[in-house]
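The values are calculated or read from the model by the stated rules, or taken from the named source; none is laboratory data. What you see is a predicted model; the values in this text were computed from it and never measured. When we count neighbours, we look across all protein chains shown, and the Cβ atoms used for this are built from the backbone with ideal geometry, even at glycine. Accessible surface areas use protein heavy atoms only, side chains included; no ligands, DNA or RNA. Shrake-Rupley method; radii C 1.70, N 1.55, O 1.52, S 1.80 Å.
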Amino acid sequence: NVHWSVLLIAVLLGASLAQSIGWAVALVGVVAFLVSILVHEFAHALTARRFGVETESIPLWALGGVARLSREAPSAKAEGWIAAAGPIASLVVGVGGLTAWWLAGGSDNGQFVAMLGWLGLINAALAVFNLIPGAPLDGGRIVKAVRWARHGDRYRAAQEAGRAGVVVGWTMAGLGFALIVRDQSGIWLMITGAFIAVNARVEISAAAIAGRLAGITVRDLTWF
């Protein structure tokens, strides 16, 4: 599923790229970037299938995409591998783009080669960003998997990853605000940070509720 905000980001990104590599190559770069986002999400989905978990949908919107799984991962190991698959895929794309750029002689050899270098860098950056240790980022899922494996409580681990996400998110938002105050570009950092913090708080609440309801059946809640 593609949200309308993807078109807005595509236009803004294309306009920025076009200033240095021209509109034709910028269009190819934007499409390649969106495809690389799908590669990231498909890596999550295919790894989840490997552990018996299906994917209901992959919505794309302004701040990226998400593979909506049909159910929770069955084990800490599955949780960790499903989370790590996306950044690994982005890193592979990033290394591939940078390798192609280097073999082609660098940015001095034309706009298309420069675009390959940009695509490699942005995917490498995407991999690193997603590995930040806080939910709802992939790094937060890895934290959840590690903590789950350590103490055996899925819901406690989810809350721990969520609390890390709140700290990470508001720190990013604060840095973005500080940049804006100094007349520098920080609006997207602030928005992304706030998004992470708010969603991390939601995940903490959801995990707390799920933990309290774990093992309870309808029979336990009825009078007959």
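If I go through region 182-223 residue by residue, how many of them are part of a helix (DSSP H, G or I) and either over 26 Å from VAL167 (Cβ atoms) or aromatic (Phe, Trp, Tyr) (or both)? Don't jump to the end; show me each part of the working.
Let us first name the residues in region 182-223 that are part of a helix (DSSP H, G or I), namely 187-213, 218-221.
So of that shortlist, the ones also either over 26 Å from VAL167 (Cβ atoms) or aromatic (Phe, Trp, Tyr) (or both) come out as 188, 195, 213, 218-221.
Summing the residues that are part of a helix (DSSP H, G or I) and either over 26 Å from VAL167 (Cβ atoms) or aromatic (Phe, Trp, Tyr) (or both) in region 182-223 gives 7.
Kindly establish whether GLY134 is of a type outside the set (S, T, N, Q), touching a helix residue (DSSP H, G or I) at 6+ places or on another chain (Cβ under 7 Å), touching a residue at least 60 places away in the same chain (Cβ under 8 Å) and under 22 Å from GLY64 (Cα atoms).
Here the answer is yes, as GLY134 does meet what is asked.
Between ALA83, ALA76, ALA45, which is in contact with a strand residue (DSSP E or B) (Cβ under 9 Å, 6 or more places away or on another chain), modelled with pLDDT of 95 or more, more than 17 Å from ASN123 (Cβ to Cβ) and open to solvent by less than 90 Å² (accessible area, probe 1.4 Å)?
ALA45
Looking at ALA89, ALA18, ALA48, can you tell me which residue is among the small types (Gly, Ala, Ser), without any contact (Cβ under 8 Å) to a residue 12 or more places away in the chain and assigned to a helix (DSSP H, G or I)?
Matching residue, one of ALA89, ALA18, ALA48: ALA18.
All but one of (1) within 29 Å of VAL25 (Cβ to Cβ); (2) under 13 Å from the mean Cα position of the chain (by Cα); (3) in contact (Cβ under 8 Å) with a residue 40 or more places away in the chain hold for GLY65, so report the exception by its number.
(3)
Please identify the pairs in which a residue from region 107-128 that is aromatic (Phe, Trp, Tyr) has its Cβ atom under 6 Å from the Cβ atom of a residue that is open to solvent by 20 Å² or more (accessible area, probe 1.4 Å), counting only partners at least 6 apart or on another chain.
PHE112/VAL25
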